[in-house]
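In what follows, a structure is listed as C-alpha cells, so that the remarks can point back to it.
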Amino acid sequence: MFRGKTNASRRRLLQYLGATSVLTGLGIPAVQAARGPELAHVFGDSQASPSASLRALGEAYLREHPAERSKHALLSAIKGHPAFAACRKETTQETDYRTMIQEDFAVENTVALHGWVLSRTEARLAALAIV
Amino acid sequence: MFIDARATDQKKIESDICIVGAGAAGITLALALSGKNLRIILLESGGFEPEPDTQALYTGANTGVPYYPLESTRLRYFGGTTGHWGGACWPLQAHEFERRDWVPHSGWPITREDLNPYYVKAQETCEVGPFNYDAEHWSEASDQPELPLGDSRLLTSIYQSSAPPTRFGSRYREDIDQAGDIRALLHANVTQIHRDPLSQTVQHVTTRTLEGKTLTVNSRLFVIATGGMENPRLLLLNDIGNQHDQVGRYFMEHIGIPKATLLLAKDVNTLFYKRTSINGTDIRAGLSLRPEVIKKEQILNTWIGFQLKATPQSRLAHSVDTLKSSIMNGDIPDDFVHHLKTVLRSMRQIYRDRDPAESDDDELGGTGELVEIPVGQQSEQSPNPLSRVTLGDQLDALGQRKIVFDWRLTELDYYSIRRTQEITAAEIGKSDLGRMKIPNPKEPEVWQHPQRISELAQPQGAFHHMGTTRMSTDPQHGVVDSDCKVHGTKNLYMAGSSVFPTCGYQNPTLTIVAMAHRLAEHLAAQFPEQEPT
C-alpha cells in the first residue's frame, strides 16, 4: 500500500518539476503533461507562477552550464544519458525520465539550483523551457 | 540531608567520597553510592532555585566561533543543567567508540559493550523507556512505517525523550534528603583543591560561600562533576592534571547550521518521524548515515530530523502521559494548565476530524499536494586541541579567574555536515520521496575565520560541552584514564561529558548518567572493607 503512495508522489514530483508540457513538441514527449501549482515551493513564494519557477530553475542551470544553452545541446545531453535508450518507449515515442532521474540520484549526478538538489536530467528538462 | 553552607558553623567535614557538583552526574553518583556504608558529601554551588549572583559565576569571554553567553548555556543550582534539559536520550553507537583513521584524536579506551549495563541503569535514572533503540522495533510498535528508503545509504535512527524532562534537582531532591549517608552542602563553591605533590593525593577541598564563609572537606576520594566548562576550569585553577597541557583542550559541541528543507508528497507517511508516545515511551525518529557509509566517506556522524508538527493524537498522548506521571508522583507540573488545555483541544480536534468537512488540512504545514518540511540536523564535532577552555584575567565574585572560551571548528566538521546533506538529498531523490533544499554552499575556509562564520555559516551549539578533560590511557593525550581518574593523581576523578574523547551526534545526558553509574561502581570497589548498609 505504501509503495502505491510513493508512485503517486513520484508522479507529482515530476509534475512539480513541470518540465513535461514544455517538452511536448520538442521531440521528447514526456510521461505526464501536467504542471501542478507546487512549483511555487521552489522559492517559498506563493505568488510565483509555476512557469516562472521552472524558468528560474532552467536559467540557474544554464548560468552554471553556458555550453548547454541551446535546444540542440540540451537534447543531445539528455539523449546522451546512459539510461536514455532503455527509457525510450518505441511504441509511443515517450521517454520515462523517472529511471534516468533515479539513476542520476543514485550516482549523485546532481546539481544544486537555488539550493534545491535536483538530478541533472531534471535540471536539463527545466532548461529546455527557456531556450 | 541538606546543609546550607551559609548557615552552618561547621569548619571541617570528613567523608569517604566528596562529589563536587550536583547535576546529572553528581546526583547519579551520590545516589548510586548510597547504601554502601560510605560517607558521601555532595557539594553544590547554588541552592534549590537559580540565583543571579551564583549564576554570574559562570560568566566568561568568547573568543572563537560566536557562541551564547556562557552563563546562559548551563545552570548552577541543585540539579544543574538538567533544569533546562530537553530530555533527549540516546546512547553513543558502537562505531563511535572506535578509533577512526580519518578523525584525529578519535577512539575511546572503553567500548560500547563496556557501557551497555550502565546505559540500562541510565535509562531508569533518566526516566525513559526500555534500553532499545532499534528503529524497526519502535516502528512496528507504533504501527507506523519507516520511510521506504530501499537500498539506501540512510537509515532511520530514533531517540527516546524523557517526557517531561527529568529535572534531577526536583526529581531526586527527596532521595538525597532521605539518604542517611549523603550530606549535600548548598551554596558551597569549591575554590581550592589541595593536593600533596609527593603523594599525588588530593587531601581536601576548600569551599566558600559568596558571603565569604569557608569550610574544608576531607575525603578519601574526590570527584569533580561540574560540567564541561567548569571541570577543566577547576583543574586549571588548581594546576592539577595538566602536566601535558591537555586540560581544557578538545572542546566539542554538537553543531547545527541553517536548516535544510524537504519537499515531500503529502501522502508520504511521516507519522513515525513525529515525536510520538509509543506504549508510554516518547520516541522521535530521524535519519542518519549507515556506519559503513560514514567510514567510506570518511566523515563525522550527523542526525537529520524532520520538524513536523505534532498531530492531535501525539499531542494528546504526550499531555496525558505527563499528567498521569505527575499525578502518580503526587506532583502538579508547572505546565499543568497547558497540558490540560492540550488534552481538551486535541480531543476536540480529533473528534472534529472525523467529519472531513471540518478537518484541518494544515496538519503537515503544507498546502496542495506537496509539503515543505524544515529539516534540522545535529552533527558531531571532531576533537580539536585548538578548540579549548582557558583561564582569563577577569575574576569572578569569589576571586577565581574566569573562563576564556575559544570554540573552533575544522574543515572536517564543515565537510561532514555538507556531505551528509548532499547524500541525504540524493537518497531522498533516488527513493522518489521528494527533493531536498540545502543551505548555500560555503567555502570551507570561512570556518577558519570566526567573524565570517557568524555571517556566513551561522553554526549553532546545543549547550553540550564535551571533551575538555578527555579520557585516554596515555597521559600525553588525555586528562583521565579509562576509570575517569585524573592522570598524576591517586584519588581525583572527573565525571560528566568532559571525559568524552569523541561525542557522536547524540545528546550527552544519557551517556553522562551511564558513565556516572560506571564510575560509582569503580569508586565503591575502592572500599572493599565497607559492608553495604
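Identification of helices (runs of 4 or more DSSP H) wholly contained in segment B:275-383 with 3 or more residues that are touching a strand residue (DSSP E or B) at 6+ places or on another chain (Cβ under 6 Å), over 30 Å from B:MET471 (Cα atoms) and at pLDDT below 80 yields B:312-328. Residues in segment B:241-272 that are touching a strand residue (DSSP E or B) at 6+ places or on another chain (Cβ under 6 Å), more than 14 Å from chain A (Cβ to nearest Cβ) and crowded, with 19+ Cβ neighbours inside 10 Å: B:GLY241, B:GLY248, B:ARG249, B:PHE251, B:MET252, B:HIS254, B:ILE255. Considering only residues of segment B:60-90 that are out of contact with any His (no Cβ under 7 Å at 6 or more places or on another chain), part of a loop (DSSP other than H, G, I, E, B) and among the hydrophobic types (A, V, I, L, M, F, W, C), which is surrounded by the most Cβ atoms within 10 Å (Cβ to Cβ)? Taking the candidates together, the pick is B:PHE78. Evaluating B:VAL223 against the criteria (1) within 14 Å of chain A (Cβ to nearest Cβ); (2) out of contact with any Lys or Arg (no Cβ under 7 Å at 6 or more places or on another chain) leaves one unmet condition, (1).
Restricting attention to segment B:115-150, the residues that are within 23 Å of B:VAL499 (Cα to Cα) and not in a loop (DSSP other than H, G, I, E, B) add up to 11. Annotation: B:SER431 fulfils all but one of (1) under 30 Å from A:TYR97 (Cβ atoms); (2) out of contact with any Phe, Trp or Tyr (no Cβ under 9 Å at 6 or more places or on another chain); (3) surrounded by fewer than 23 Cβ atoms within 10 Å (Cβ to Cβ); the unmet one is (2). Summed over segment B:1-33, residues that are of a type outside the set (Asp, Glu) and crowded, with 19+ Cβ neighbours inside 10 Å total 20. Determine which single condition B:LEU264 fails, assuming it passes every other condition in (1) in contact with a Lys or Arg (Cβ under 8 Å, 6 or more places away or on another chain); (2) assigned to a strand (DSSP E or B); (3) hydrophobic (A, V, I, L, M, F, W, C). B:LEU264 satisfies every listed condition except (1). Taken over segment A:67-123, residues that are in contact with a helix residue (DSSP H, G or I) (Cβ under 7 Å, 6 or more places away or on another chain) and within 14 Å of chain B (Cβ to nearest Cβ) amount to 24. Would you say B:LYS259 is touching a helix residue (DSSP H, G or I) at 6+ places or on another chain (Cβ under 6 Å) and at pLDDT below 95? It is false that B:LYS259 is touching a helix residue (DSSP H, G or I) at 6+ places or on another chain (Cβ under 6 Å) and at pLDDT below 95.
If the condition is being surrounded by 22 or more Cβ atoms within 10 Å (Cβ to Cβ), over 14 Å from B:GLN246 (Cβ atoms) and among the polar types (S, T, N, Q), then segment B:483-498 contributes only B:SER497. Of the helices (runs of 4 or more DSSP H) lying entirely inside segment A:82-131, not one contains at least 3 residues that are polar (S, T, N, Q) and at negative phi.
For segment B:200-213, check the following and say yes or no: at least one residue is assigned to a helix (DSSP H, G or I), in contact with a strand residue (DSSP E or B) (Cβ under 8 Å, 6 or more places away or on another chain) and closer than 30 Å to B:LYS12 by Cα. No, that holds for no residue. Only one of (1) over 23 Å from B:THR214 (Cα atoms); (2) surrounded by 23 or more Cβ atoms within 10 Å (Cβ to Cβ) is not met by B:LEU185, so which one is it? Here B:LEU185 clears every test but (1). Screening B:GLN460 on (1) within 20 Å of the chain's Cα centre (by Cα); (2) touching a residue at least 60 places away in the same chain (Cβ under 8 Å); (3) crowded, with 20+ Cβ neighbours inside 10 Å shows it passes everything except condition (3). Given the condition in the same structural domain as B:VAL20 (by TED's automatic domain parsing), closer than 24 Å to B:ILE158 by Cβ, among the small types (Gly, Ala, Ser) and under 19 Å from the mean Cα position of the chain (by Cα), answer yes or no: does some residue in segment B:88-95 qualify? Taking every residue of segment B:88-95 in turn, at least one turns out to be in the same structural domain as B:VAL20 (by TED's automatic domain parsing), closer than 24 Å to B:ILE158 by Cβ, among the small types (Gly, Ala, Ser) and under 19 Å from the mean Cα position of the chain (by Cα). Flag not set for B:GLN200, criterion: without any contact (Cβ under 8 Å) to a residue 60 or more places away in the chain, over 24 Å from B:LEU398 (Cα atoms) and of a type outside the set (A, V, I, L, M, F, W, C). B:LEU57 meets the conditions (1) surrounded by 22 or more Cβ atoms within 10 Å (Cβ to Cβ); (2) among the aliphatic types (A, V, I, L, M); (3) not in a strand (DSSP E or B) in every case but one. The failed one is (1). The residues of segment B:102-113 that are free of Cβ contacts under 8 Å to residues at least 60 places away in the same chain and surrounded by fewer than 14 Cβ atoms within 10 Å (Cβ to Cβ), listed by number, are B:THR111, B:GLU113.
The values are calculated or read from the model by the stated rules, or taken from the named source; none is laboratory data. Just so we're clear, the structure is a prediction, and the values are computed from it rather than from any experiment. All Cβ positions, even for glycine, are placed from backbone atoms using ideal geometry, and neighbour counts span all protein chains on display.
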